[in-house]
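Below: the structure, in structure tokens.
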Amino acid sequence: MGKIALLFAMIFMPAISFASVTPSVAPLEPVSKALKKQLLGTPVYVQIFKEERTLELYGKIGDAYRLLDSYRICNYSGGLGPKRRQGDFKSPEGFYSVTLSQLKPDSRFYRAINIGFPNQYDREMGYDGKYLMIHGACVSVGCYAMTDGQMDEIYRYVEAALRNGQPSVPVNIYPFRMTDANMQRHKYSVYNSFWKELQPGYQYFAEHQVPPSMAVMSGKYVMHDAGTFEPGGHVNQALLAFAQEK
């Protein structure tokens, strides 16, 4: 009897062990190609994760944002942590926004989107720098560089959203996916206190699928409990019905 019990333990132990190891973040599935085409012109939202070298583009359907596509960042520089000064070669982290005036269709790096560094937080911290972009050409000195093909698509969706009435496109840049497990992994970093200010924004979107509304108070990022724009709602109701049929 003891040998039988041991045999069962040996058979099932690996399955139990592997079942207990789950990824910290479930992989996101982008919308279908057909729906993605329908969403050109809807409000969009961009998330960047440095450590994962990932840029995610979301489109609004109804009251929530769905993943349109996920792109491998071709190049960025300076490692983890916020950009602080001109010439440190670091790519920014924090909460930024893009308006039509920040689009550069004729950039020498193919096409470019100026993320708006320094923002209010950066200025209050005394950080300086300029021309921090998401752009093509796969070359970076403080920017987030994509392939030209990727940049073509990202640029097209951002421009269409802005021309269709979205006042600004949020671009939220994180050092990594800010799960509790990843925060624990980086708990001894010199940037830990700054990253704790970013984490609520990441968690809000993960829970509600709506971009967080961020503000700066006393030199720190703080979060409100709602998104900041609602343009194109009449269009999105039709798209929501389309998505539910798929």
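For segment 91-124, filtering for residues that are assigned to a loop (DSSP other than H, G, I, E, B), farther than 17 Å from E153 by Cα and in contact with a Phe, Trp or Tyr (Cβ under 9 Å, 6 or more places away or on another chain) leaves 7. A count restricted to segment 134-150 and to residues that are touching a strand residue (DSSP E or B) at 6+ places or on another chain (Cβ under 9 Å) and surrounded by fewer than 19 Cβ atoms within 10 Å (Cβ to Cβ) stands at 3. Applying the set (1) among the hydrophobic types (A, V, I, L, M, F, W, C); (2) buried (at least 22 other Cβ atoms within 10 Å of the Cβ); (3) over 18 Å from R156 (Cβ atoms) to L55 leaves exactly one unmet item: (3).
To keep it simple, each residue is scored yes or no on (1) closer than 27 Å to R111 by Cβ; (2) without any contact (Cβ under 8 Å) to a residue 24 or more places away in the chain; (3) in a loop (DSSP other than H, G, I, E, B).
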site	(1), (2), (3)
A160	yes, no, no
G165	yes, no, yes
I173	yes, no, no
S189	no, no, yes
F194	no, no, no
E197	no, no, no
P211	yes, no, yes
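Report, by residue number, each residue of segment 161-182 that is buried (at least 16 other Cβ atoms within 10 Å of the Cβ) and of a type outside the set (V, I, T). Of everything in segment 161-182, those that are buried (at least 16 other Cβ atoms within 10 Å of the Cβ) and of a type outside the set (V, I, T) turn out to be A161, L162, Q166, S168, P170, N172, Y174, P175, F176, R177, M178, N182. For Q150, the test of being more than 14 Å from the chain's Cα centre (by Cα), outside any loop (DSSP other than H, G, I, E, B) and either at pLDDT 95 or above or more than 11 Å from A112 (Cα to Cα) (or both) is passed.
The values are calculated or read from the model by the stated rules, or taken from the named source; none is laboratory data. The structure presented is a predicted model; accordingly, all values stated were derived computationally and were not measured. Counting neighbours? That spans all protein chains shown, and the Cβs are built from the backbone with ideal geometry, glycine included.
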